[in-house]
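I have placed the structure first, in the form of structure tokens, so that the comments after it can refer back to it.
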Amino acid sequence: MGNTRLSTALVDADGHILQLWREATPAQQGADAPIPLLERMVAEGQEHIRRECNQTPVAIGIGFGGPVDHSTGVIRRSHHTQGWEGVALGKELHEATGLPAFLENDANAGGLGEALFGAGQGADSLLYVNIGTGIGGAVIIGGRIHRGAHSNAGEIGHVVIDPWRGPVCTCGKRGCLEALASGSALGKAARRRLQEESSLDSSLATLPANEVTGTKVGEAAQEGDSLALEIIGQAAEYLGLALAGATNVLDPEMIVIGGGVSELGDLLLAPTRQAFQRYATPPVAANTAIVIAQLGYDAGVIGAAAVALVECDLR
Ligand SMILES: [Zn+2]
């Protein structure tokens, strides 16, 4: 479940997508609007698999973009879309379909998907970081999500990096990694620089301010725009710093970077690795691979399926 798009997929136990449906999230605010749509999409999936594959689906996995209570299937907070707090989405879908339904936040689901079926296959432990509009993360150990004592493990997006000068984050704290290195942070940083220095030689300066988004910064960087490259370099510095801190504590086998901003590839990875080398302790700096995720746009649905497969002891 994304802010703008609901994707439903039938996924087999090897992480292969058999069928995929995408629908726009209804524009109304709040939880009421998308639930009937979700139920219809799941029913369609059940019908399809019976008809085409002569099989029966075993479970539903749901990835949601915000903190959830995994054990009860209830959404705890929704930073980006209002009205979802307290919705028992797992229970609602279970009651509507008769299938066990497991709710997980999308970063945990994406991390598990990468560990079982993507860039992290074969790794015993990994730190997953999803950089999109916001920044989510997951710690995967032995093919399982490490949730921590308060279901809060992996929240690298809200690690405070610069409480002195950093921008205020969606969570209310100042200088979180999300406020410094997410897609929206790239756009904001560019708009701030353009406002401060009107004479900057950048293709971004030709755009109306409200069109200077993280995506535009990424596109400009790919064309060699010096302002865009500088902004991405600064974000990578913060990202490398956060990864070094997390890695010093967790010592995972690898770090997997996913989400829309990871499509920048080496433009993001090269300066991130350099910063990571400077900030991580030597054995960690020398031996921890930082790689781009492999599941791309399918990470959400494959990750949600991975959650259900693990819960049902099928992986
Ligand atoms: Zn924050």
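Values for this structure:
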| item | result |
| --- | --- |
| For the range 121-293, share of DSSP beta bridges that run antiparallel, in % to the nearest 5 | 55 percent |
| Kirkwood-type radius of the range 125-249, with distances r between different C-alpha atoms, in Å | 15.3 Å |
| Overall form of the range 74-129 per C-alpha gyration tensor (a/c, 1.5; a/b vs b/c) | oblate |
| Lys173/Asp201 FRET efficiency (R0 35 Å; Cβ-Cβ; nearest 0.05) | 0.50 |
| Hydrodynamic radius by Kirkwood, which averages 1/r over all alpha carbon pairs of the range 106-182, in angstrom | 12.8 Å |
| Intensity falloff of the range 199-262 expressed as log10 I(q)/I(0), Debye formula with alpha-carbon point scatterers, at q = 0.13, 0.17, 0.22 Å⁻¹ | -0.47, -0.68, -0.92 |
| The range 150-164 residues near the modelled Arg77 label - backbone nitrogen below 17 Å, point 7 Å along Cα→Cβ | 150-161 |
| Loop-located trypsin sites (Lys or Arg not before Pro) in the range 126-211, at most 14 other Cβ atoms within 10 Å (DSSP) | Arg165 |
| Along each principal axis, Cα extent of the range 137-209, largest first, Å | 51, 27, 15 |
| Convex hull volume per residue for the chain, taking Cα atoms only, in Å³ | 134 Å³ |
| GluC sites (Glu not before Pro) within the range 223-315, DSSP loop, no more than 12 other Cβ atoms inside 10 Å | Glu223 |
| Sparsely packed GluC sites (Glu not before Pro) within the range 107-208, loop by DSSP, other Cβ within 10 Å at most 16 | Glu197 |
| Distance from the range 121-165 to the range 169-210 (C-alpha centre basis), Å | 24 Å |
| The range 44-183 - Rg (one decimal) and Dmax (whole number), Cα, Å | 17.0, 60 |
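Throughout, read-outs are computed from the coordinates displayed, never taken from laboratory work. Since this is a predicted model, take the numbers as computed values, not measurements. Because the Cβ atoms are built from the backbone with ideal geometry, glycine has one as well, and the counts that use them run over all protein chains shown.
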